[in-house]
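Comments concern the structure below.
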Amino acid sequence: MQLTDHVELLRGVGPQRAAQLKKLGILTLEDLLSHYPRGYLDLSDPQPIVKAPFFQTCAIRARVEHKYNGIRLASGRTLFKVLAADDTGGIELRFFNAKFTVEQLKVGEEYLFYGKAEGTLTSAVMTAPLVYPVGRYPAFQPIYSLTSGLSNKALSNLIQQALGLGVVPEERIPPQIRERYCLEGIETAIHAIHRPSCLEQAKEARRRFQFEELFTLAVGIGLLHSRTHHKQSVPLFPHSLEPFYKALPFQLTQGQLNAIQELTLDMQKPEPANRLVQGDVGSGKTMVAAAGAYFAFLSQAQTAFMAPTELLATQHYQGLSKLLGGLGMRVALLTGSTPAAQKRAIRQGLAEGSIDLCIGTHALLSQGVEFQNLALVITDEQHRFGVAQRAALQAKGRCPHALVMSATPIPRTLALMIYGELDISVIHELPPNRHPVLTYKISSGKRERAFGFIKKHLDEGFQAYIVCPLVEEGEEPSPMRAASQYAQELSARHFAGYRVGLLHGKMKASLKEETMSKFQSGEIQLLISTTVVEVGVDVPNAVIILIENAERFGLSQLHQLRGRVGRGQAQSYCLLLSDTRNPDTLERLQMMCSTNDGFAIAEYDLKTRGPGNFLGQEQHGLPKFRIADLTTDVALLTQAQEAAGQLLAQDPTLEFPEHSALRRACEKMMETVGQRPN
Ligand code: ADP
Ligand code: MG
């Protein structure tokens, strides 16, 4: 048997089973073996029944004493009760609809039951326990993700069958790297992960596979980068940016000027620029983008500027079309809701070169959008876009220069993982005359007072935001209802007489835009919103942001939200409303109150919550990991990147025959994000 063999070659796999496996993405034996367990049941240490802790899962070893007949319940389900006991006491086992399982149990025989015990001091109950015949199970039972019709036992048996046939995946980590990072070889690891004899063994195996995945990704991104590195880009000529600087209503900060200079120097080189601008919220990154677009325009070349939401694209368009239009540039806006006729006109303008700058959303990526001479691709709030989307936009030109602007500072390790090798410009300072936003954590008992505080500022002519988090995904009431109900309540009761608007992600684009422009013009005084205002929105007259259930947000997200205020000259406030008692959460919120430094917050967030949470639920364009879900610790991520760098330094295109298995794995992984290295 071979790795590439179809699972149907295994004993017991017919078309139906194969279809179930396919749902889990398992087609070949290799797929089957890389379906790693989610965790393990510890059956090694059964508890005496009297000691079984309530409300925690545990294993007990007990004799079946009596089986009752099934009872048909009003719900239509059938309940089977079984009495079992050990030397210390008895327990009632309850099974629902599990006729077969109960029939298999023999009175007088011992079994291992695994489940959650409940009950009172005198009587214990375990509902729907897993059942194992004594002595015929591994001490650590792997738990797999499943699909309907496929039990853990069945899947586990198939994997054991494949392992028994001696099928082992290819080794992808070169020996010297395994040695340096103390990683097990593939053969040991694949057995240990599916059939560990102790938890320590399972842990080591997991570490090896997590490393493998991160390493493969890091090498894949490295290969992708070296591909563009050798290409020729659109040559741009030195020109003075003086007219641009003169057209601005303010003086740029030193950080902005440096970033602009670094970018425009890059853009005069033959190979494409690949630059990330890191700057705190409100540091004026958009101006760096504008300068880049103007610089391209001076060489008669075009710029595409992609933002993650229509709201943001529209806002950029409104600001930049005025500024750059005054300098002779022709600027267009292309989003999903641009009317068809207008879309056609824009596409034509881009193809014949009569549009110099096109700002837009994902719509920029769609087929039929062609540029005459695309020199610069800008992506704003980049971590929401995937590697693939960025590359798709770049593919629209002959290797254009790339400028990426991060929403909040991203620690370097993570930036490398998401963007690959990039040059980084950092804007350290905020524009002058900004007062740091004052941040307070308050409990819901102070809500009324907070509303009063907001009203006072509205009366003075300022504006404010109230943000409520999305209700958990899939939870009722839907996020839409939650936000809109809350808005209604607020506008009817607390803010009667004020002009209140509502904004949430599920609203139609045109309505969102209308609401936002009403807020921008001051027609709406108080904007109640879900996190759609999170990124980029710029209304300098807004001075208070109140965040409900602040404990639900990540720090970087809170910081990003806070960045909606403090954009003008007036003192601004951020009120974090939370009744949490969790000490870790309180510490996080305290961190928000004590600093406005986004770089410090990002480091702290990454350290305390791990990269997966740091990036939030948003799509970050990374492949779906099998095992390395990015909540793995940062140390492993760093090691994998280090190792990838060392390997690529020796063999930049993975030509050595001993790297061919790794190369194939990289290709496969990058294909899942729509990329093909080289
Ligand atoms: P971010 O870095 O968060 O994207 P923006 O580019 O949206 O920040 O800029 C925030 C605000 O600061 C905008 O209103 C912008 O016009 C203004 N701004 C940018 N640069 C300066 C500057 N040098 N001086 C004063 N205001 C500036
Ligand atoms: Mg911005």
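Mind checking the full-extension length gain between Gln569 and Asn549? Use 0.36 nm per residue of separation minus the Cα-Cα distance, one decimal, nm.
Values: separation 20, 0.36 × 20 = 7.20 nm, distance 2.82 nm.
Answer, rounded to one decimal: 4.4 nm.
Assuming R0 = 41 Å, what is the FRET efficiency of Gln160 and Gln590, from their Cβ-Cβ distance, to the nearest 0.05? List each step's numbers first, then the result.
Values: r = 50 Å, r/R0 = 1.22.
Given R0 = 41 Å and the Cβ-Cβ separation, E is 0.25.
Taking Cα atoms, how many degrees apart are the long axis of helix 509-521 and the longest axis of the chain, rounded to 10 and kept between 0 and 90?
Helix 509-521 sits roughly 50 degrees off the main axis of the chain.
So what's the net charge close to Gly39: Lys and Arg +1, Asp and Glu -1, counting the other residues with Cβ under 12 Å from its Cβ?
Numbers: positive: Arg38, Lys203, Arg206; negative: Asp42.
Local charge sum for Gly39: +2.
Once the piece of chain linking Gln342 and Ala85 is laid out straight, how much longer is it, given 0.36 nm per residue of separation minus the C-alpha distance between them? Walk me through the intermediate numbers first.
Values: separation 257, 0.36 × 257 = 92.52 nm, distance 7.65 nm.
Extra length available between Gln342 and Ala85 comes to 84.9 nm.
Would you work out the charge dipole size for the range 296-359 about its Cα centre, treating the Cβ of every Lys and Arg as +1 and the Cβ of every Asp and Glu as -1, and quote it to the nearest 20 debye? Display every interim value, and only then the final one.
Working: 5 positive and 3 negative charges, 24 e Å.
Dipole size: approximately 120 debye.
Along the charge dipole of the range 143-231, pointing to its positive end and built from +1/-1 on Cβ of Lys, Arg, Asp and Glu, which listed residue (Gln161, Leu150, Ala202) has its Cα farthest out?
Leu150
Mind scanning Lys455/Lys518; Lys23/Lys624; Lys23/Lys153; Lys446/Lys508; Lys456/Lys518 and naming the pairs with a C-alpha gap bigger than 23 Å?
Checking Cα-Cα distances, Lys446/Lys508 exceed 23 Å.
What is the magnitude of the charge dipole of the range 44-137 about its Cα centre, with +1 placed on the Cβ of each Lys and Arg, -1 on the Cβ of each Asp and Glu, and no other charges, expressed in debye to the nearest 20? Please report the intermediate quantities before stating the final value.
On the way: 12 positive and 9 negative charges, 76 e Å.
It comes to approximately 360 debye.
Counting Lys and Arg as +1 and Asp and Glu as -1, each charge on the Cβ, what is the dipole of the chain about the Cα centre in debye, to the nearest 20? Present the calculation step by step, with values, prior to reporting the outcome.
Working: 70 positive and 67 negative charges, 310 e Å.
The dipole magnitude comes to about 1480 debye.
To the nearest 10 degrees, how steeply does helix 447-459 sit against the main Cα axis of the chain, on a 0 to 90 scale?
Taking Cα atoms only, the helix is inclined about 20 degrees.
Within straight cross-link reach of Lys396, meaning Cα distance under 21 Å, which lysines are found once same-chain residues fewer than 8 apart are removed?
Qualifying lysines at Cα under 21 Å: Lys231, Lys269, Lys343.
Which residues does the label zone of Gln251 cover in the range 427-456, counting backbone N under 12 Å from a point 7 Å along Cα→Cβ?
Answer for this model: 432-433.
Give me the number: length gained by fully extending Leu146 to His428, i.e. 0.36 nm times residue separation minus the C-alpha to C-alpha distance, one decimal in nm.
Values: separation 282, 0.36 × 282 = 101.52 nm, distance 4.83 nm.
Full extension of this stretch gives 96.7 nm more.
What's the ranking of 158-171, 280-293 by average number of surrounding C-beta atoms within 10 Å, highest first?
On the way: 158-171: 16.8, 280-293: 24.6.
So the order, starting with the most tightly packed, is 280-293, 158-171.
I need the calculated FRET efficiency for the pair Arg330 and Glu242, taking r as the beta carbon distance and R₀ as 25 Å, to the nearest 0.05. Don't skip to the end; give the middle numbers.
Details: r = 21 Å, r/R0 = 0.83.
The calculated FRET efficiency here is 0.75.
Angle, helix 583-594 long axis vs. longest principal axis of the chain, Cα atoms, 0 to 90°, nearest 10?
Approximately 10 degrees, to the nearest ten.
For the pair Val134 and Arg38, what calculated FRET efficiency results from E = 1/(1 + (r/R0)^6), where r is the Cβ-Cβ distance and R0 = 41 Å, to the nearest 0.05? It would help to have the intermediate numbers written out before the result.
Values: r = 25 Å, r/R0 = 0.62.
After rounding, the FRET efficiency stands at 0.95.
What are the semi-axes of the equivalent ellipsoid for the chain, taken as the square roots of 5 times the Cα gyration tensor eigenvalues, largest first, in whole Å?
Values: eigenvalues 529, 247, 96 Å².
In descending order, the three semi-axes are 51, 35, 22 Å.
Take Leu199 and Met1, extend 7 Å from each Cα along the Cα→Cβ direction, and tell me the distance between the two endpoints in nm.
3.1 nm
Quick check: pseudo-label points 7 Å beyond the Cα along Cα→Cβ at Arg180 and Glu523, how many nm apart are they?
Spacing of the two 7 Å Cα→Cβ label points: 6.1 nm.
Any read-out appearing in this document is the output of simple, stated calculations on the displayed coordinates, not a laboratory observation. Fair warning: this is a prediction, and the values are worked out from it, not measured in the lab. Neighbour counts are summed over all protein chains in view; Cβ atoms, including those assigned to glycine, are modelled from backbone coordinates with ideal geometry.
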